[in-house]
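Let me begin by presenting the structure, written as structure tokens, before commenting on it.
The values are calculated or read from the model by the stated rules, or taken from the named source; none is laboratory data. Worth saying up front: this structure is predicted, and the values here are computed from it rather than measured. All Cβ positions, glycine included, derive from the backbone under ideal geometry; neighbour counts span all protein chains shown. Each accessible area value is taken on the protein alone, full model and side chains, heavy atoms only, with ligands, DNA and RNA left out. Shrake-Rupley method; radii C 1.70, N 1.55, O 1.52, S 1.80 Å.
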Amino acid sequence: MSSVETITQVTESIPAALSLRPSAKSQENNAQEAQPTSQEEAYRYARLLPAFPKDEHYPALTPFEHVDPAARALGHANPRAFIDNATSIVELTPNLGTEIHGVNLASLDSDGRDQLALLVAQRGLVVFRDQQDFIDRGPDFYLEWGRHFGRLHIHPTSGHPEGYPELHLVYRDAKSTFNFERDDSITSTVWHSDVSYELQPPGLTTFFLLSQPKTGGDTLFTNQESTLKKLSPQFVAFLKTLKAVHSGVEQANFSRSGRRGGVVRREPVENVHPIVRKHPVTGQESLYVNRQFTKRIVGLKREESENILKFLYDHIDKGGDVQARVHWTPNTVVLWDNRNTAHSAIVDYGGSKERRHGARITPQAERPIPAFDGLDLSA
Ligand SMILES: O=C(O)CCC(=O)C(=O)O
Ligand SMILES: [Fe+2]
């Protein structure tokens with residue numbers, strides 16, 4: 001987010017586009033053809049533009065039992081049956097990311113979706129091309145899709161299509177942005193795991209673009225199992241004894257300040273998570289801190305906490321050898337596992353006619369499981 005989850009700078013106020021209505025006649029191609037503002041009436045996805053209703057308030061989230069769909073695929077005779085007929089399956093990097101052509105996600109049955117969840121858990125990032133059917137099915141389908149994987153999260157501050165608070169939108173055009181811009185930073189890169197401040201942050205997450213710039217606006221991913229493995233066993237053993245505070249306060253304050261959409265739908269929370277978490281299905285351990293939401297290490301002196309976190313963030317920043325970069329082509333749908341990866345938007349576009357409009361479906365998963373059984377998260 002600031003990705004939209006990030007600390008964003010809304011350069012101008014809410015877009016005039018919000019008042020637009022869909023045109024049944026519009027056949028605008030959804031990508032590569034960014035449309036000028038004067039033609040926004042014809043925007044094919046106008047009904048999915050971000051809205052920020054002021055009267056929307058939700059109570060605190062309550063705990064729930066998450067049953068991971070990937071676990072159901074573990075005992076399957078062929079857990080990759082759902083991609084048996086793919087025309088191409090390419091590993092983006094040895095340790096992170098698989099790109100698949102020739103599989104229609106929208107037609108996957110329950111069993112196929114479970115298998116998909118297992119592949120996403122194993123590869124961290126899975127990119128599906130040519131998913132026009134999925135994208136064209138629209139918001140009710142997106143919600144039904146997401147509910148297969150867990151309870152859908154409603155974002156406390158981001159824009160959503162009118163009537164669909166469970167869809168988190170990223171948006172930028174010539175007039176406005178609801179993500180990623182920090183006018184005081186040398187970079188738009190903000191590594192994060194989505195809404196990690198929640199008690200039960202997301203697992204499998206689905207994201208796609210409805211419109212995209214002609215070039216640029218790729219998304220970066222990194223493998224947090226690999227970033228952990230690069231550290232010495234002695235240091236990892238120490239990290240496993242630690243837990244950290246993740247906070248949604250800064251994000252809410254940013255919204256309250258009037259930048260972004262100006263709404264806070266749910267009071268911000270802070271939660272404590274293990275610095276090294278264990279995946280509930282694969283059992284793999286991963287580093288679970290991020291520059292956007294992780295604030296301090298519990299129990300350490302301030303300088304100790306600041307320096308260790310800074311070291312870990314620098315380590316993540318420098319991990320080009322465990323990262324992958326998704327280039328968006330029209331009708332691409334990407335899934336990542338927020339438990340064992342981190343990601344960042346790249347804001348390298350923004351010509352006067354460029355629009356980038358994305359939607360995220362964000363099911364929550366389990367409370368992060370500490371890699372070290374003895375870690376007490378209640379204290
Ligand atoms: O826009 C992007 O490339 C990433 C957006 C993002 O971080 C998110 O929606 O979680
Ligand atoms: Fe994100």
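Just a few scattered comments:
- Counting every alpha-carbon pair across the range 63-164, the share separated by more than 23 Å comes to 32%.
- Sulfur and carbon atoms: percent of accessible area, the chain [1.4 Å]: 50 percent
- Within the same chain, lysines fewer than 8 places from K229 are excluded, and of the rest, those with a Cα less than 20 Å from its Cα are K240, K243, K278, K310, K318.
- Computed per residue of the chain from DSSP H runs no shorter than four, each worth -39500 (n - 2.57), the mean residue ellipticity at 222 nm is -5000 deg cm²/dmol.
- A straight Cα-to-Cα reach below 19 Å connects K175 with the lysines K214, K353, residues fewer than 8 places away in its own chain not being considered.
- Separation in nanometres of the label points that stand 7 Å from Cα toward Cβ, at V90 and V249: 4.6 nm
- Note on the chain: with charges restricted to the Cβ of Lys and Arg (+1) and Asp and Glu (-1), its dipole about the Cα centre is near 460 debye.
- Measuring nothing but alpha carbons in the range 58-111 and taking Rh as the Kirkwood radius, the Rg to Rh ratio lands at 1.11.
- The slack between Y313 and F141, meaning 0.36 nm per residue of separation minus the straight C-alpha distance, is 58.2 nm.
- Sorted peptide list for 211-224, 249-262, criterion being average Cβ within 10 angstrom, highest first: 211-224, 249-262
- For the range 318-379, the fraction of alpha-carbon pairs lying more than 16 Å apart is 67 percent, rounded to a whole number.
- Length available on full extension from A77 to E56: 0.36 nm per residue minus the Cα-Cα distance, which gives 3.0 nm.
- Comparing G299, A379, G203 along the charge dipole axis of the chain, the residue lying farthest to the positive side is G299, per the Cβ-charge model.
- Cα-Cα pairs of the chain separated by more than 40 Å (percent): 10 percent
- 1.4 Å probe accessible area per residue over the chain, in Å²: 40 Å²
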